[in-house]
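Structure first, commentary second.
The values are calculated or read from the model by the stated rules, or taken from the named source; none is laboratory data. Because the structure is predicted, anything quoted here is derived from the model rather than measured. Methodologically, a virtual Cβ is constructed for each residue, glycine included, from the backbone with ideal geometry; neighbour enumeration extends over all protein chains shown. With ligands, DNA and RNA removed, areas are computed over all heavy atoms of the protein, side chains included. Shrake-Rupley method; radii C 1.70, N 1.55, O 1.52, S 1.80 Å.
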Amino acid sequence: MAVKDSELWQALINRGEEEARRELALKYLPLVKYIVGRLAVKPPPFLDQEDLIGYGIVGLLEAIDRYDPSRGVNFESFAALRIRGAVLDALRRAHWAPRTLIEKLKQVSSVYRRLEQEQGVEPRDEEVAAAAGLEIGELQDLLERGAQMALISLEEFLLNEEGEETVRRGEVTADPQSPEPEQRVEQEELRRALKQALGGLKERDRLILSLYYYEGLTLKEIGEVLGISESRVCQLHGRAILNLRRLLADYL
């Protein structure tokens, strides 16, 4: 007869039983595999899918150790943040973004803003590439690399102008366990600014971000919904992130 989750949690909390911890980890291992499978980030050559799952398991174990059932918080939601965070932390350490890339992305973002203000409509990629002194292929590659950076750490990419690690996911994601009063204020301020910035995006940008971050679709699945290639979705995602970053700067 299977042991109930409540009994496993009780055994873990009351007696710190390693067997209960192991059983809970095995039970929620599919959650780790699901989260890793949904990340639209290509790992560097020295990391593979199994490595990412390993980092996710570390996050799962941390969640098991920190979870308090008496608070009434759903464990899967609680664990998902830590699993995803552990994997993205590993990818962040592996993907070092050179300052030249950050500067090019800032330049492209400025060009988008200038052309949109001058024309009153969203500029085409060809116009942006010409104004930025880039080939169209260079611009599209830049947008894809920017999308990869954002997927690895959306908050860091959006908030940090210099590309240095000054903002961490845990600092801008609500922790249902024990958020400090000052942290609560910062979280609410960020949510307010993000809501305003998202409201200022074009409909297509909002749709792509919503499908990926809220509906949980992969870039390939979004491409199937919109009838475009996965590569083009990645480029449009990068463009949407640049626009969101520009708008967010106006509200913070």
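A few remarks follow.
- The portion of the accessible surface of region 206-252 made up by carbon and sulfur, rounded to a whole percent, is 51 (1.4 Å probe; DNA, RNA and ligands excluded).
- Solvent-accessible area of VAL32, all protein chains in place: 0 Å² (probe radius 1.4 Å, heavy atoms, ligands and nucleic acids excluded).
- Too-long pairs where the Cα-Cα distance tops 31 Å, listed order kept, from LYS27/LYS202; LYS104/LYS202; LYS27/LYS195; LYS33/LYS202: LYS27/LYS202; LYS27/LYS195; LYS33/LYS202
- Between GLN10 and GLU118, full extension at 0.36 nm per residue minus the direct alpha carbon distance yields a gain of 32.6 nm.
- Gain on full stretching of the segment that runs from ARG192 to GLU126 - 0.36 nm per residue minus C-alpha separation: 20.4 nm
- Label sites at ASP141 and LEU26, each approximated as a point 7 angstrom past Cα along Cα to Cβ, lie 4.9 nm apart.
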